[in-house]
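The values are calculated or read from the model by the stated rules, or taken from the named source; none is laboratory data. In this text, all values refer to a predicted model and were calculated from it rather than measured experimentally. For neighbour counting, all protein chains shown are included, and Cβ atoms are generated from backbone atoms with ideal geometry for every residue, glycine included.
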Amino acid sequence: MTTRTPLIAGNWKMNLDHNEAIHLVQKLAWTLKDGKFDYATTEVVVLPSFTSIRSVQTLVDADKLELGYGAQDISQHASGAYTGEVSATQLAKLGVTYVTVGHSERREYHHETDAIVAAKAVAAFGAGIVPIVCVGEGLDVRKAGEQVPYTLTQLEGSLAGITAEQAATVVIAYEPVWAIGTGEVATPEDAQEVCGAIRGKLAELYGQQVADAVRVLYGGSVKSGNVASIMAKPDVDGALVGGASLDAEEFAKIARFQ
Ligand code: PEP
């Protein structure tokens, strides 16, 4: 049985300027340090806007912080005439180690298909960045009881072109769209049902050893008050946290699963 290091990732979305980002990272690092947080047992990562990544990098390097940082999106293209996009190589140069791809807000507002999400994941791996591939159903699908087949189809499409070697290090975030930013959290059993099915699908696609190594996160209104019960489920290996990651003390509590 593989041991998977839990991952708590804070998706700041389109919030905070670079000064505010520095302030939040400092406060988070101090709060975790004061509480003698053990980074060896849980990996903690923040995902600022592109405009703050360089500042976060400078702070993390200068203070030798054990916090990781990443990006919220990445271009599927390597370089060239793609105005407004940011490439995998550009992000890797900033020390970025993770990037979310296929967040439901990108799928909905930017019409990102599974094929685009997969191309972004491939681009990330090409530059040594681990993609956090987001999948999850909307309310209509949940009401129809179709959350498992829907999410697994999305998963398979979003991993097209990913090799078994890459898949062993990918992170999957199950984020039911109806639970994102709504305060409506999935029950631990809801989270386990789909996260377990995701691991089963990974085993089918890449073999049991890979499936056992992959971290599957839950995301959707995670707070300090509900994280422990969700993390107690066997196939939940961490959380992708939106709103609550903007508060250093609350996010530090989440990182301790309390
Ligand atoms: C998210 O944006 O990925 C998310 C889970 O948001 P929230 O925690 O605010 O629901």
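Here are some notes:
- Test: residue in region 45-67 that is within 22 Å of SER158 (Cβ to Cβ) and surrounded by 20 or more Cβ atoms within 10 Å (Cβ to Cβ): yes
- The set of residues in region 68-112 being closer than 19 Å to HIS18 by Cβ, surrounded by 18 or more Cβ atoms within 10 Å (Cβ to Cβ) and of a type in the set (S, T, N, Q) consists of GLN72 alone.
- Cβ-Cβ under 8 Å pairs, at least 6 apart or on other chains, region 163-184 side without any contact (Cβ under 8 Å) to a residue 24 or more places away in the chain, far side within 16 Å of the ligand (Cβ to nearest atom): none
- Test: residue in region 201-214 that is within 15 Å of the chain's Cα centre (by Cα) and either at pLDDT 95 or above or of a type in the set (D, E, K, R) (or both): yes
- Residues located in region 214-230, provided they are within 20 Å of GLU137 (Cα to Cα) and touching a Gly at 6+ places or on another chain (Cβ under 9 Å): ARG215, VAL216, LEU217, TYR218, GLY219, GLY220, SER221, VAL222
- Checking each residue in region 121-146 for being within 16 Å of the ligand (Cβ to nearest atom) and touching a Pro at 6+ places or on another chain (Cβ under 9 Å) picks out GLY136, GLU137, GLY138, LEU139, ARG142.
- Verdict on VAL170 being more than 16 Å from the ligand (Cβ to nearest atom), under 22 Å from PRO48 (Cα atoms) and aliphatic (A, V, I, L, M): yes
- Top-ranked residue in region 1-33 [being among the basic types (Lys, Arg) and under 19 Å from the mean Cα position of the chain (by Cα); ranked as farthest from the ligand (Cβ to nearest atom)]: ARG4
- Among the residues of region 175-203, the ones that are near the ligand (Cβ under 10 Å from one of its atoms) and either surrounded by fewer than 17 Cβ atoms within 10 Å (Cβ to Cβ) or not hydrophobic (A, V, I, L, M, F, W, C) (or both) come to 6 in all.
- Residue match in region 21-36 (condition: of a type outside the set (A, V, I, L, M) and surrounded by 22 or more Cβ atoms within 10 Å (Cβ to Cβ)): no
- Among the residues of region 36-55, those identified as within 18 Å of GLU249 (Cα to Cα) and more than 16 Å from the chain's Cα centre (by Cα) are LYS36, PHE37, ASP38, TYR39.
- Residue in region 86-99 that is charged (D, E, K, R) and either closer than 28 Å to THR51 by Cβ or in contact with a His (Cβ under 6 Å, 6 or more places away or on another chain) (or both) present: yes
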